[in-house]
Every structure is written in C-alpha cells, then in structure tokens.
1. Relative contact order for the chain: what is it in percent, counting Cα pairs under 8 Å that are at least 6 residues apart?
2. Note down the relative contact order for the stretch 147-289 as a percent, whole number, built from C-alpha pairs under 8 angstrom at least six residues apart.
3. Report the gain in length on full extension from residue 38 to residue 207: 0.36 nm times residue separation, minus Cα-Cα distance, nm rounded to one decimal.
4. Quick one: 32, 94, 180, fewest Cβ neighbours within 10 Å first, how do they rank?
5. Defining a contact as two alpha carbons under 8 Å apart and six or more residues distant in sequence, what relative contact order in percent does the stretch 21-136 show?
6. Pop out the Kirkwood hydrodynamic radius of the stretch 147-289 from its pairwise C-alpha distances, inverse of mean 1/r, in Å to one decimal.
7. Determine the gain in length on full extension of the stretch residue 195-residue 131; use 0.36 nm per residue of separation and subtract their C-alpha separation, reporting nm with one decimal.
8. If you average the alpha carbon positions of the stretch 174-228 and of the stretch 6-77, how far apart do those two centres end up, in angstrom?
C-alpha cells in the first residue's frame with residue numbers, strides 16, 4: 001500500500017506538470033470507490049489546477065475556476081491510492097492500462113489517469129468549508145510533529161505501539177512498511193504497549209520515524225508490489241529495508257533471523273534479539289481474561 005513516501009513522490013511528480021493546467025473533461029469507468037461521481041462531472045470541467053499537495057496518504061489537488069471577478073475556489077479533489085492505485089499523466093493515445101477507471105482531460109493535450117486493480121482507493125471532493133473537518137480526522141504529519149507532542153501521543157495509551165503507528169487518527173501517513181522499519185531502528189518490539197515505553201524510547205522512535213521517512217522520500221519510496229511513481233518508475237527504498245518482508249533473513253545488526261508476527265491484524269517484521277519482546281505479556285493477557 002502506498003504510504004507517506006510513495007504518495008509524496010507521486011505528488012512531487014504531479015506538481016511538475018499539473019499546476020496551471022485546466023481540466024477539460026472527465027470520463028469515468030467503475031465508480032464504486034468515488035464518493036460522488038456526479039459531482040466530478042459537475043465541478044471539474046473548466047477548473048484550473050492551482051496546486052498539488054499531500055495530506056497524509058491523500059493526494060490533494062487544489063482547484064479554482066475563472067470567474068469574471070477573479071479566481072474562485074471550488075472543492076478540492078482528494079485522491080487516496082488505496083493498495084494498488086496509480087495516478088499519472090500520459091498522452092491520450094497511450095494504451096489504456098487494465099483497471100483504469102478515471103480519465104481527466106487537460107488543456108495541454110495530456111490526460112491524467114487513475115488506475116486501481118483492487119479499487120481500495122478513494123476519490124472525493126472536499127469543499128473549502130469542510131477541509132478543516134477533513135484534516136481534523138487525521139493525526140499530525142510525522143515529519144512535522146515535535147518531539148514533545150509525539151511523546152504525548154503515546155505515553156499514556158494502552159494500545160500496542162505498532163497499532164498506534166498505523167492509526168491515521170494518531171499519526172497520518174504511516175503504514176506497515178515504515179512502522180516496521182522505524183520500530184527496528186528504535187529497537188522497539190511492535191507488540192509493546194505504548195504506555196510501557198520510556199521517554200527515551202519514544203524519543204528514539206520519533207527520530208527513527210523521521211529518518212526512515214526522509215530517506216524513503218529521497219529514494220522515491222518502496223516498490224514492494226506494483227507501486228510506481230507518476231512517471232511509471234519504481235522506487236528504490238526497498239533495497240534499504242532491514243526487516244520488512246525479510247522473514248528468515250539475518251538481521252543487519254546481529255544476524256538473528258528476522259521473524260514475522262501479527263500485530264493489530266497486520267504482519268509485523270522484527271528482530272527478536274534487537275527488539276526485545278514485552279515482558280510478562282502472558283501474565284497480563286491472563287489477567288485481562290479473568
């Protein structure tokens with residue numbers, strides 16, 4: 001699933017070609033992942049793309065219309081790539097990839113296409129009046145949150161640290177890959193209860209998360225499945241993974257085989273030596289069951 005670094009990479013690619021362009025027409029195939037398909041046809045034709053940014057895992061395409069009294073803001077086009085979504089500009093005469101469901105014709109002769117094999121993505125329009133509420137449902141950006149605020153998010157919570165990192169209401173943009181990689185670098189077991197972590201451990205996790213995400217953005221994300229950027233190129237950070245999808249391979253620190261367990265319903269990869277398991281977890285579980 002594209003996470004913060006992959007979405008940021010796609011956004012940077014689109015930012016080089018989309019701002020200033022006008023959307024001429026919209027064609028849709030399957031629409032079960034679109035909140036209001038009719039609204040796209042109503043608002044997008046004639047809209048000028050003012051900018052492309054990222055909000056967590058969402059691609060935010062800011063739009064405006066040319067009115068007689070000056071530019072007028074219209075709803076923002078929000079796109080979530082889900083697990084297999086791709087968004088790229090191409091020549092309208094290029095072959096149409098299977099599972100391409102949305103086409104946005106542009107005034108420079110190019111076409112913006114959205115392709116999604118599994119259709120777990122999402123497309124919606126968010127009015128200016130609803131943007132604050134939309135962002136309020138998401139936690140802060142991990143590359144922007146201060147060390148103190150980060151520690152405050154976790155220090156008293158009973159949930160497992162891996163589950164909290166994946167919760168978009170706590171921290172936006174982090175998914176399975178970068179949660180595993182950050183926890184490894186901070187030497188924290190994914191099943192640890194958040195409130196059991198010391199302040200020093202939370203500070204180490206804050207630092208590790210920032211370092212991992214920054215490096216992944218620099219290398220244009222991780223291509224572990226079918227992810228490619230807006231130009232159709234694969235990322236390179238998968239070559240730097242230390243635990244994710246390395247089950248059975250030696251730890252890069254201590255050579256202990258990497259293990260995989262399920263935490264919060266997701267596969268979690270870790271080194272059993274470098275990331276010590278929670279103590280007395282069996283006793284706590286038994287106590288909760290009594």
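1. 17
2. So the answer I get is 24 percent.
3. Result: 56.4 nm gained on full extension.
4. Least to most surrounded, the residues fall as 32, 94, 180.
5. 30
6. Kirkwood hydrodynamic radius for the stretch 147-289: 15.7 Å.
7. Additional length available on full extension: 19.8 nm.
8. That distance is 31 Å.
Read the figures in this text as sums done on the coordinates, not as results from a lab. Every value quoted in this text rests on a predicted model; they were computed, and no experiment measured them. Cβ coordinates were reconstructed from backbone atoms using ideal geometry, including for glycine residues, and neighbour counts include every protein chain displayed.
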